[in-house]
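The values are calculated or read from the model by the stated rules, or taken from the named source; none is laboratory data. As the structure is a computational prediction, the values presented were derived from the model and not from experiment. Cβ placement follows ideal geometry from the backbone for every residue including glycine, while neighbour counts extend to all protein chains displayed. Surface accessibility is based on the protein's heavy atoms, side chains included, excluding ligands, DNA and RNA. Shrake-Rupley method; radii C 1.70, N 1.55, O 1.52, S 1.80 Å.
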2 protein chains.
Amino acid sequence: MSTKSQERLRKPRADALRNRDRVLEAAKTVFSAGGAGASLEAVARQAGVGIGTLYRHFPTREDLFEAVYRREVEQLSELAEALKSEPSPVEALRHWLRSTVQFVATKKGMMAALAIVMNANSELAAYSHAHLTASINALLARAVEAGDVRSDVTADDLLRALIGMCYMHDQTGWQQSVLRLLDVFVDGLRVTN
Amino acid sequence: MSTKSQERLRKPRADALRNRDRVLEAAKTVFSAGGAGASLEAVARQAGVGIGTLYRHFPTREDLFEAVYRREVEQLSELAEALKSEPSPVEALRHWLRSTVQFVATKKGMMAALAIVMNANSELAAYSHAHLTASINALLARAVEAGDVRSDVTADDLLRALIGMCYMHDQTGWQQSVLRLLDVFVDGLRVTN
DNA sequence: CGTTTATACGGAGGATGCCTCCGTTTATCA
DNA sequence: TGATAAACGGAGGCATCCTCCGTATAAACG
């Protein structure tokens with residue numbers, strides 16, 4: 001019981017937080033470059049920590065994938081928040097959508113692994129869906145209130161469209177194509193009177 | 001030059017063909033059960049061949065994935081061909097679509113790996129797209145000619161719809177859902193006058 | 001047929017990666 | 001500042017990867 005009371009009080013060690021973040025950053029780099037099967041020891045090396053540290057924070061490869069993914073989803077949320085200060089609501093939306101495409105593009109080799117994790121952990125799917133929908137909603141609502149875009153398109157619609165577009169992942173030059181389609185799409189969202 | 005002239009003439013050894021097929025069959029089984037990361041030596045064991053034989057036929061894990069996938073696409077083509085003798089064109093189409101869903105369902109763990117291979121090898125994407133489109137087209141054309149289904153839906157549309165449906169791979173019970181949607185879809189294809 | 005020869009086979013073994021375990025180090029708290 | 005819980009690094013045991021080569025055998029040829 002003495003241990004129990006301390007569990008709550010003691011704050012996590014600073015080096016633990018720092019190392020956790022270093023590993024996540026390294027994982028993003030290494031997996032993006034070498035694909036989902038890249039060596040975890042390479043990740044530890046890149047992060048400048050021991051292999052034991054990596055495994056303590058992320059017991060399985062999937063745990064690491066998941067954490068990297070969550071981190072990026074949160075970064076997209078933060079970007080949406082930051083874009084509230086962008087003068088033009090429409091450009092803010094466009095900017096965010098483009099960033100999302102880049103986000104997908106970076107993870108060439110990771111998408112596959114993420115699909116596995118998503119399958120195994122539907123809570124993660126719900127989590128990311130909620131975050132992304134909320135981000136889009138904030139951006140969309142502002143644009144609608146400003147009278148810049150039509151009001152009959154929901155955040156869910158937009159997310160679905162985005163995912164669908166990014167799914168044509170095979171053709172070469174897909175990224176350019178999606179960016180073009182996004183531009184057309186955003187233009188189409190505008191009220192034209 | 002003597003070797004060069006023989007390269008063309010000599011036919012492949014029978015045991016080589018047999019073993020290649022055994023490995024593919026084993027790979028299908030093992031990967032379906034154990035996911036894309038399953039041990040290649042387990043595949044060799046299951047196939048009843050040496051590990052060296054496996055590697056000679058398929059130098060990389062991706063080569064093996066690709067070959068398994070190609071084989072299954074071809075089997076879907078053959079199924080489409082066989083279904084030409086099914087009395088009702090609409091039921092033939094429905095049957096084929098349902099088989100495709102099952103095909104996807106079997107490969108839970110493989111889809112991820114396939115996504116990687118598809119990315120790396122766009123020829124494979126073109127190959128499978130062509131085969132699948134052709135299969136659908138044959139089935140669809142027969143149904144249209146029989147006057148059973150509307151004529152303003154292309155094979156490409158149908159394939160896209162199919163892929164999109166199967167992409168909701170996360171929710172539990174997706175398979176039942178897709179099968180239900182397919183039924184609705186096929187019913188919708190019927191001419192109603 | 002029997003011989004020759006290209007081709008395929010199996011599996012040993014070195015290299016690499018996975019993951020656990022534990023002695024050492026360090027941040028927190030009294 | 002000392003005690004101690006928490007985190008660290010990396011050695012080492014085990015599994016898998018993949019290459020290499022001696023052996024076996026199917027096809028070709030006389």
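Some observations on this one:
- Inter-site label distance for A:Asn121 and A:Leu17 at 7 Å from Cα along Cβ, in nm: 2.2
- Computed from the Cβ-Cβ distance with R0 of 25 Å, the FRET efficiency linking A:Thr60 to B:Ala33 stands at 0.85.
- Pseudo-label separations to other copies for B:Arg98 - Cα-to-Cβ vector, 7 Å, nm: 4.9
- For segment B:23-125, fraction of C-alpha pairs farther apart than 17 Å, in %: 56
- Calculated FRET value between B:Arg71 and A:Thr106, using beta carbons and R₀ = 45 Å, to 0.05: 0.85
- Our coupling estimate for segment A:17-22, obtained by passing each phi through the Karplus curve with A = 6.51, B = -1.76, C = 1.60 and θ = phi - 60°, is 4, 4, 5, 4, 5, 4 Hz, Gly and Pro reported as x.
- Spacing of the modelled spin labels on B:Thr154 and A:Asp187, each 7 Å from Cα toward Cβ, amounts to 2.2 nm.
- Heavy-atom accessible area for B:Ile163, with the other protein chains in place and a 1.4 Å probe, reaches approximately 80 Å².
- Projecting 7 Å from Cα along the Cα-to-Cβ direction, the label point of A:Ala82 sits 5.7 nm from its equivalents in the other copies, listed shortest first.
- B:Val149 long-range amide H proximity, modeled H, under 5 Å: B:Val144, B:Val191
- FRET efficiency estimate (nearest 0.05) - Cβ-Cβ, A:Arg10 to A:Ile163, R0 45 angstrom: 0.60
- When each of the peptides B:75-87, B:37-49 is scored by how many other beta carbons lie within 10 Å of its residues on average, the order from highest to lowest is B:37-49, B:75-87.
- Average beta-carbon neighbours from other chains, 10 Å sphere, peptide B:34-41: 1
- Whole-number Å³ per residue for the convex hull built on Cα positions in segment A:12-59: 61
- Straight-distance crosslink candidates among aspartates and glutamates, where the alpha carbon sits under 20 Å from B:Lys107 and sequence neighbours closer than 8 are dropped: A:Glu62, A:Asp170, B:Asp21, B:Glu25, B:Glu41, B:Glu62, B:Asp63, B:Glu66, B:Glu72, B:Glu74, B:Glu78, B:Asp170
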